[in-house]
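S.K.: Just passing along the structure, written as structure tokens.
The values are calculated or read from the model by the stated rules, or taken from the named source; none is laboratory data. Predicted, not measured: the structure shown is a model, and the values here were computed from it. Heads up, the Cβs are rebuilt from the backbone with ideal geometry, glycines too, and the neighbour counts pull from every protein chain shown.
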Amino acid sequence: MAKKAKNRTTNRNKQLGVDLLSHPATTALLARMSGCNKPPILWRKQGDGSWLECFLLPDCTYGNCHAVDQSEVPPDLRDAN
């Protein structure tokens, strides 16, 4: 019985990946990344030590920034600053 549950979970994970790649927002983001030649997310360290997470917009600038905890910033960026 446990083996069946594992198979269902595996199939669900495979379907999730396909659904995510075919989602219009994902395809739009991928098109922006290749057109702008920039990463989809930019983390900015503020003067007070806090971090902002900004997203690539259609005009190849970053916007929709919001504050994030330091633990959410990739370690290589966190340690470099």
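S.K.: Just checking, how many residues over the range 28-62 are at pLDDT 70 or above and surrounded by 10 or more Cβ atoms within 10 Å (Cβ to Cβ)?
M.R.: Qualifying residue count for the region: 22.
S.K.: Within the bounds of the range 11-27, is there any residue that is assigned to a helix (DSSP H, G or I), at pLDDT below 70 and basic (Lys, Arg)?
M.R.: Within the range 11-27 (the criterion being assigned to a helix (DSSP H, G or I), at pLDDT below 70 and basic (Lys, Arg)), the answer is yes, since at least one residue qualifies.
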